[in-house]
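Quick notes on the structure that follows.
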Amino acid sequence: MVITNVKIITMSDKDYENGYVRFENGVFTEIGDMADYVYALDEVIDGNGLSLYPGFIDAHCHIGMWDDGLTFEGEDGNEDTDPSTPHLRAIDSINAMDDCFNDAIAAGVTTVCTGVGSANPIGGSFVVMHTNGSKRVDKLIVHSPAAIKFALGENPKNTYNDRNESPVTRMATAAIIREQLLKAKRYLADKMEYERLKGTDDEISEPDFDMKCEALLPLFAEENKLKAHFHCHRADDIFTAIRISKEFDLDYVLIHCTDGAVIADELAEDSPAVVVGPLFGDRGKPELRNHDITTPAALAAEGIKCAICTDHPETPIQYLPLTAALAVKGGLSREDALKGITLYPAEILGLSDKLGSIEVGKQADFSLFKGDPLDLTVTPEAVAINGKIMFSTGKIQGQTDRT
């Protein structure tokens, strides 16, 4: 299939004022100026001057973990009965038939990183998945597991303080994380020693299986480490996340980073991966005291690239472009705001070889817009995932409404 006569915003090296994109088997195979387009028995859609953008990516949310419009029956994001649950897998809780996936597609959000909540110091795994409405979540997965979720600050404290159980302080939260990571490292060392001595005169017993430790082992891999996502709002929690990550050589990402503007100069020393958000919301708890739409701009001024997230359902997933627009209002450049919901999250999630920009070889996830996608009144004319049109207003030649 080919989309012709479109302005292509690649989020890469070069844009095209009037260009075309060709894709096959779900990936882009050719991108160029219309002057260079050669018809080759393609199914052609005339973009008629629309603008084509990469599919939007929400780098941190909980879509499918809390069902839309339900209370306890649909709340499957926090197993708040044990403060250390790294072995829990988001894929086993996601309801792929949640209506919010349709909201995401209609807003141009084609990919999300979703997973467990922040009740536990160690909550479990996240996945990266497409939003194209399959009945079976397994068919939507881009990468799983994508990260292990750690949480610092008020949420674990409040959860367990209400039950008079540990942790009720920040230091206990950090201690629980450290203890589990140390157990996992010892478990790994014992497994390696067992393998080294197996079949020799010095053979030792294989260590007892530990599911929690097994879940954490990919954090210590020599290559392609599993990422550690740290929920942290307040400055001291942010620094604790960095401290623990350095102690255990983790490939970490700071999630929320609400106090980022206050400590941007300090963060610049570490150049961390940062996901900011939700930007659309109130200061609903003490650690959000410094919540402000200027945070992405303050981080960018120190050379820190950040993704922008909704934290759905805190901000509904369909308002991801609105949160990027708020970042522009707060002083962030329009280019960095758009990259904050396309290229930067792909890079932070370790998937920039597949997602985040319009380039040959990447997945054909894109949206067509008549106006500026950061304009509140503008919605996509069509949205595609893996080269398949999943949503259309019916105004694009050759396309029909999504069924």
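The values are calculated or read from the model by the stated rules, or taken from the named source; none is laboratory data. The structure displayed is predicted, hence computed values, not measured ones. All Cβ positions, even for glycine, are placed from backbone atoms using ideal geometry, and neighbour counts span all protein chains on display. Note: areas computed on protein heavy atoms with side chains; ligands, DNA, RNA excluded. Shrake-Rupley method; radii C 1.70, N 1.55, O 1.52, S 1.80 Å.
Details
- Segment 257-403, accessible surface, carbon-and-sulfur percent (1.4 angstrom probe): 48 percent
- Peptide packing: for 292-305, 174-187, the average count of neighbouring Cβ atoms within 10 Å per residue gives the ranking 292-305, 174-187, highest mean first.
- Surface per residue (accessible, 1.4 Å probe) for the chain, Å²: 44 Å²
- Accessible area of segment 109-188 belonging to carbon and sulfur atoms, whole % at 1.4 Å probe: 46 percent
- Over 32 Å between alpha carbons, listed pairs LYS149/LYS339; LYS246/LYS388; LYS198/LYS354; LYS212/LYS329; LYS149/LYS370; LYS14/LYS370: LYS246/LYS388; LYS198/LYS354; LYS212/LYS329; LYS149/LYS370
- Ranked by the mean number of other Cβ atoms within 10 Å per residue, highest first, peptides 217-228, 94-105, 144-155, 200-211 order as 144-155, 94-105, 217-228, 200-211.
- Solution diffusion estimate, µm²/s, Stokes-Einstein, segment 316-401, Kirkwood Rh from C-alpha pairs, 25 °C, viscosity 0.890 mPa s: 176 µm²/s
- GNM top mover of MET390, MET171, MET129 - the chain, alpha-carbon springs below 10 Å: MET171
- For segment 1-47, fraction of C-alpha pairs farther apart than 13 Å, in %: 52 percent
- The chain: relative contact order as a whole-number percent, Cα under 8 Å and 6+ apart: 19 percent
- Normalised by the number of residues in segment 244-403, the mean separation of alpha-carbon contacts (under 8 Å, six or more apart) gives a relative contact order of 15 percent.
- In the elastic network of the chain, a GNM with C-alpha springs shorter than 10 Å, the most mobile of ASP365, ASP265, ASP311 is ASP265.
- Counting only whole DSSP H helices of the chain, the ones at least 18 Å long by C-alpha along their axis and with mean Kyte-Doolittle hydropathy no lower than 0.0 are 235-248.
- Estimated distance in nm for a label pair at SER134 and LYS191, the labels positioned 7 Å out from Cα along Cα-to-Cβ: 2.7 nm
- The three principal axes of the C-alpha atoms in the chain carry coordinate ranges of 69, 56, 44 Å, sorted with the longest axis first.
- Within the listed set ALA215, ALA107, ALA337, the residue fluctuating most in the Gaussian network model of the chain (springs between alpha-carbon atoms under 10 angstrom) is ALA215.
- Within the chain, percent of DSSP bridges classed antiparallel, to nearest 5: 55 percent
- Leading residue at positive end of dipole, the chain (Cβ point charges), from GLY361, PHE126, VAL38: VAL38
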